[in-house]
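Below you'll find the structure, written out as structure tokens, and then a few comments.
Every number in this text was worked out from the coordinates using simple rules, so none of it is lab data. Please read all numbers here as calculations on a predicted model, not as lab measurements. Note that each Cβ is placed from the backbone with ideal geometry, even for glycine, and that neighbours are counted across all protein chains shown.
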Amino acid sequence: TQWGLDLGFLEVEIEGDALFVIKKHTSEKEDRLEISTYIRSTRFICAGYRRCIFRHAPGEANRVAHILANE
């Protein structure tokens, strides 16, 4: 997300196959899970965009990205 800001992008759409992580990003609720630190950091960076969207994409939807993630 920071890389996109550095390049001057105004909008970003982030897709991932980890539904749990995507739900945490779209939720307003705070919790004490370890991942929450990363979620807060990403939200802070996303505030620099005009629009920042998180979407769930099943692993089968993008086969190449899924294979690379597993490697």
One residue from Ala47, Ala69, Ala57 being surrounded by 15 or more Cβ atoms within 10 Å (Cβ to Cβ), among the small types (Gly, Ala, Ser) and at negative phi = Ala57
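Tell me the helices (runs of 4 or more DSSP H) entirely within the chain that contain at least 2 residues that are of a type in the set (D, E, K, R).
Values: elements: 2-6, 19-26, 36-46, 63-70.
Per the criteria, 19-26, 36-46.
Report, by residue number, each residue of region 5-17 that is more than 16 Å from Ser41 (Cβ to Cβ) and surrounded by 12 or more Cβ atoms within 10 Å (Cβ to Cβ).
Taking region 5-17 and keeping what is more than 16 Å from Ser41 (Cβ to Cβ), we get 7-11, 13, 15, 17.
Within region 5-17, Phe9, Glu15, Asp17 qualify.
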